[in-house]
Amino acid sequence: MSDSKTDGCDFNTPAPPKISAWDICWTLITLVVYAPLSVLTSLCHPGQTWGDMKEQISHDLVLCFGRRLPVPVIQRASEKTGAIIRKSLRYTGAPFHVAEKVQKPDFSGYWVYRDKSIKSRPQDADLVLFHLHGGGYVMGHPLDNAPELLLIAETLSQRSHTVAVFSLEYSLVPTARLPTQLTQTTAAYTWLISELRINPSKLYLIGESAGGHLILSLLTTLYERSVDQNPLALPKPAAAFLISPWVNLNPCGADARARHQGLDPRSAAFKHVLERFSNLVLHGAPPEYLKLHGSFAHRAPGRGSWKYILPPTTWVSAGTAEPLFRFDIEEFVAASRRDGADVRFELADGRVHVWQSVEARDQEGKFLALAPGTDDARLMPGYRHIAELIVGCLEDRA
């Protein structure tokens, strides 16, 4: 249960980004000037309840930091070890393994959850959940959504399903350019299938935002290899759960600007952050990669049919209050259905980008403070819904 290496010793993790004197100065300016201005702006909305006001302040601060903080500072702030989770009241002495670090020559990640009965044999689990975190390829950590993933795992366990949850620690832009992240994801998927002998029918993918894009890139790569009869070809997984997937890496491009005129203030502020991250992601990416993976909202010559790329169960969610992502997601869903793919799409009224995670962030502390064996059904309802969908998939195939 430690964060030390558990497999292999020659994985070369990119060194954490160095923070310069200029980065420190600009961070101080952001904290002293721009952050207070952001809070004051949040307080100026009339007719808000205290709960709405707290949510508005939190959201506006995230946008402020995402737009103005230097990237090395953002990425340092994203680093985690899993100690908070393991030392929480809920998981201290838990009868299962939590946040175990895995390092391999080609990738690293965490077993977020493993039943002790399957400690050395994840292939014996009823389900292996392969998670890819969000963060625009610029920020984020595989343990960002650990409480939510643990909630899913506990829900499955309560229904008598054994489960293992693996979350990939892919390298971040700009230290590692695209398609490094896809290479690492493919290596991890190969490890799960070929080395751990996990049956693809028991393997489900789940990812938020950029993690959703990475899932679609992985599925496209698996399809390409199967068509080309590549000796490295592997079967696709049984299911994919895409939470506000970032299906178009250039959602603020020239062809989309007219659509984004007249944005509400929150979306307009988010657009600045998205443009910043998009420019970082697209810079230096090979044209041949962008041709197939740059936008899944539009048909790309040579990509193939979504009917054969997507797994038998594909679930996609978005919110009506995320216009910078919603329309591209809807176009992807429509294109997939035209190809004959069975895609379930849920559009939540009034919800923002990755609303399930946004909602959970304010409730993770309360969840981790619950005593083992207890629960509060009011916490993290978005992820509880996803957990029920996963349970339904398992039981339908039983």
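The values are calculated or read from the model by the stated rules, or taken from the named source; none is laboratory data. Here the structure is a predicted model, which is why all the values come from computation and not from measurement. With ideal geometry, Cβ positions are generated from the backbone for all residues, glycine too; neighbour counts draw on all protein chains shown.
The figures follow:
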| quantity | calculated |
| --- | --- |
| Failed condition for A387, given (1) more than 26 Å from H59 (Cα to Cα); (2) crowded, with 20+ Cβ neighbours inside 10 Å | (1) |
| Residue match in region 286-294 (condition: touching a Phe, Trp or Tyr at 6+ places or on another chain (Cβ under 9 Å) and in the same structural domain as E208 (by TED's automatic domain parsing)) | no |
| Selected residue [surrounded by fewer than 18 Cβ atoms within 10 Å (Cβ to Cβ), among the acidic types (D, E), out of contact with any Asp or Glu (no Cβ under 9 Å at 6 or more places or on another chain) and at pLDDT below 95] from E322, E359, E275 | E275 |
| Cβ-Cβ under 6 Å pairs, at least 6 apart or on other chains, region 90-113 side assigned by TED's automatic domain parsing to the domain that holds A125, far side among the basic types (K, R) and part of a strand (DSSP E or B) | H97/R114; Y110/K101 |
| Some residue of region 127-142 being in the same structural domain as L214 (by TED's automatic domain parsing), free of Cβ contacts under 8 Å to residues at least 60 places away in the same chain, out of contact with any Asp or Glu (no Cβ under 8 Å at 6 or more places or on another chain) and at negative phi | no |
| Residue in region 217-232 that is hydrophobic (A, V, I, L, M, F, W, C), touching a Leu at 6+ places or on another chain (Cβ under 7 Å) and modelled with pLDDT under 80 present | no |
| Candidate set from region 250-272 (those that are at pLDDT below 80 and assigned to a helix (DSSP H, G or I)); member that is nearest to the chain's Cα centre (by Cα) | R266 |
| Qualifying residue in region 332-350 (condition: surrounded by fewer than 18 Cβ atoms within 10 Å (Cβ to Cβ), closer than 22 Å to Q181 by Cβ, in contact (Cβ under 8 Å) with a residue 24 or more places away in the chain and over 19 Å from the mean Cα position of the chain (by Cα)) | no |
| Number of the condition not met by S226 [criteria: (1) of a type in the set (S, T, Y); (2) outside any loop (DSSP other than H, G, I, E, B); (3) in contact (Cβ under 8 Å) with a residue 12 or more places away in the chain] | (3) |
| Leading residue by the ranking (farthest from R303 (Cα to Cα)) among those in region 324-369 that are small (G, A, S) and part of a helix (DSSP H, G or I) | G365 |
| Boolean, G211 is crowded, with 24+ Cβ neighbours inside 10 Å, in contact (Cβ under 8 Å) with a residue 12 or more places away in the chain and in contact with a His (Cβ under 6 Å, 6 or more places away or on another chain) | yes |
| Unmet requirement for D396, which otherwise passes all of (1) modelled with pLDDT under 95; (2) in a loop (DSSP other than H, G, I, E, B) | (2) |
